[in-house]
Amino acid sequence: MAHGGGGRLMQQLLSTIIQPEFTNPLLNQNHDSTVFTVNTGKLAFTTDSYVINPIFFPGGDIGQLAVCGTLNDLAMSGAKPLYLSCSFILEEGFPITDLKRIVASMQATAAHAGAAIITGDTKVVDKGKGDGIFINTAGIGIITHNQVIDPKQIQPGDSIILSNDIARHGIAIMLEREGIRFNHKIISDCNDLSGLITNLLEKALDIHCLRDLTRGGLASGLIELATASACEFEILEKTIPIQDDVQSACDILGLDPLYIANEGCCVLFIPEAQTAQMLKVLQANPLSHYARHIGTVTAKHDRGRVSIKTHLGSHRVLELLSGEQLPRIC
């Protein structure tokens, strides 16, 4: 299970087995989407699979999650989503009413983003062999601006902006799965960020890199970017927005919110001079109301490194977990 968790073991699986066999310049971009040129235009292409348990959760369902995840991966390359594919693996006996609900959710989410689901596939496996439903989606988007949004564009002096509060999705899934109830219901942040990113680009804000913080959460996303950019990041714990009920749940369950998945949250790397303007635009949008400046790219570093200044004033280096704190959350 740890090999699919977004941590150290998954990175080893990719770097030692999968990437060496498939290696090519486009794959080696190591970004949420691959960007390539067709004739005189630029496109982005991405794919992902969804095995979340439970399939219905506070704030969404597996269908909404699948579409949002693909839209967000395209947005992280600065692309406007155009077309999606959808493939289902269904277990014998899966309720038709649930499938209708999921399909309707997918269509509504894609349509809201101005994208269309134009191709797909359906397979059915024997009862007990598929855990209800698995979904694979792929997406194509168009890049109409001249900015290059890529980990290699990160540079010392950049501000690190977090678009919203963290850890809500993973905790919402965990509590629903285990039947744990608190006084305040925690709702997943599952949302499409493509419109938000398009708005930032239309305002001509300079964005060096974007990354949505899904498996492995904020910490793993930053570590991956530090490695890819060969830079050192320093973040401040006191500036990271976490809802009180989410933090309480993490404390009770012994979980670190820095490593918990999100489905409607990203980090942005921008020139320091644009920090105030970026925060003003982000905080005016309901999807990024809690946007904060959480750190700085401090220097070049051969292997990449992320450190955090804690509430107590001490520093610690963040490391990739071997697997994932909460499996089956996306």
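Just so you know, in the range 147-193 the residues that are touching a residue at least 40 places away in the same chain (Cβ under 8 Å) and basic (K, R) include one that is surrounded by the most Cβ atoms within 10 Å (Cβ to Cβ), and it is R168. Tell me, please, whether a residue that is farther than 23 Å from G264 by Cα, among the small types (G, A, S) and touching a residue at least 40 places away in the same chain (Cβ under 8 Å) can be found in the range 37-60. For the range 37-60, residues farther than 23 Å from G264 by Cα, among the small types (G, A, S) and touching a residue at least 40 places away in the same chain (Cβ under 8 Å): present. Taken over the range 112-146, the residue count meeting the criterion of being assigned to a loop (DSSP other than H, G, I, E, B), more than 21 Å from the chain's Cα centre (by Cα) and closer than 19 Å to L71 by Cα is 2. Of the residues that make up the range 240-256, is at least one buried (at least 19 other Cβ atoms within 10 Å of the Cβ), touching an Asp or Glu at 6+ places or on another chain (Cβ under 8 Å), part of a helix (DSSP H, G or I) and of a type outside the set (S, T, N, Q)? Taking every residue of the range 240-256 in turn, at least one turns out to be buried (at least 19 other Cβ atoms within 10 Å of the Cβ), touching an Asp or Glu at 6+ places or on another chain (Cβ under 8 Å), part of a helix (DSSP H, G or I) and of a type outside the set (S, T, N, Q). On the given criteria, is I52 in a helix (DSSP H, G or I), within 28 Å of L318 (Cα to Cα) and not assigned by TED's automatic domain parsing to the domain that holds T227? It is false that I52 is in a helix (DSSP H, G or I), within 28 Å of L318 (Cα to Cα) and not assigned by TED's automatic domain parsing to the domain that holds T227.
Only residues that are of a type in the set (D, E, K, R) and in contact (Cβ under 8 Å) with a residue 60 or more places away in the chain were counted across the range 119-146, and they come to 1. The number of residues in the range 114-127 being of a type outside the set (D, E, K, R), surrounded by fewer than 17 Cβ atoms within 10 Å (Cβ to Cβ) and farther than 18 Å from Y50 by Cα comes to 3.
Which of (1) farther than 21 Å from A226 by Cβ; (2) crowded, with 18+ Cβ neighbours inside 10 Å; (3) assigned by TED's automatic domain parsing to the domain that holds Y259 is the odd one out, the single condition F134 does not satisfy? The number of the failed condition is (3).
Looking across L268, L282, one residue alone is assigned by TED's automatic domain parsing to the domain that holds F233, in a strand (DSSP E or B) and under 19 Å from the mean Cα position of the chain (by Cα). It is L268. Cβ-Cβ contacts under 8 Å between residues 6 or more apart (or on different chains), taken from a first residue in the range 265-286 that is surrounded by 16 or more Cβ atoms within 10 Å (Cβ to Cβ) to a second residue that is of a type in the set (K, R), are listed as C266/R211; V267/R211; L279/R292; V281/K203. Residues of the range 1-45 that are touching a Lys or Arg at 6+ places or on another chain (Cβ under 7 Å) and of a type outside the set (G, A, S): D32, V35.
Conditions (1) modelled with pLDDT of 95 or more; (2) farther than 17 Å from N136 by Cα, marked per residue:
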residue	(1), (2)
S33	no, no
N39	no, yes
F45	yes, no
Y50	yes, no
D61	yes, no
A66	yes, no
L71	yes, no
L99	yes, no
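Can you confirm whether A108 is surrounded by 15 or more Cβ atoms within 10 Å (Cβ to Cβ) and either assigned by TED's automatic domain parsing to the domain that holds E263 or not aromatic (F, W, Y) (or both)? Considered against the rule, which asks whether it is surrounded by 15 or more Cβ atoms within 10 Å (Cβ to Cβ) and either assigned by TED's automatic domain parsing to the domain that holds E263 or not aromatic (F, W, Y) (or both), A108 comes out as no. Taking the criterion of being surrounded by fewer than 18 Cβ atoms within 10 Å (Cβ to Cβ) and part of a loop (DSSP other than H, G, I, E, B), the residues of the range 287-322 that qualify are H289, Y290, H301, D302, R303, T310, H311, L312, G313, S314, E319, S322.
In this structure, S288 qualifies as in contact with a Ser or Thr (Cβ under 8 Å, 6 or more places away or on another chain) and of a type in the set (S, T, Y).
The values are calculated or read from the model by the stated rules, or taken from the named source; none is laboratory data. Since the model is a prediction, treat every value here as computed from it, not as a measurement. Glycine also receives a Cβ, built like all others from the backbone with ideal geometry; neighbour counts cover every protein chain displayed.
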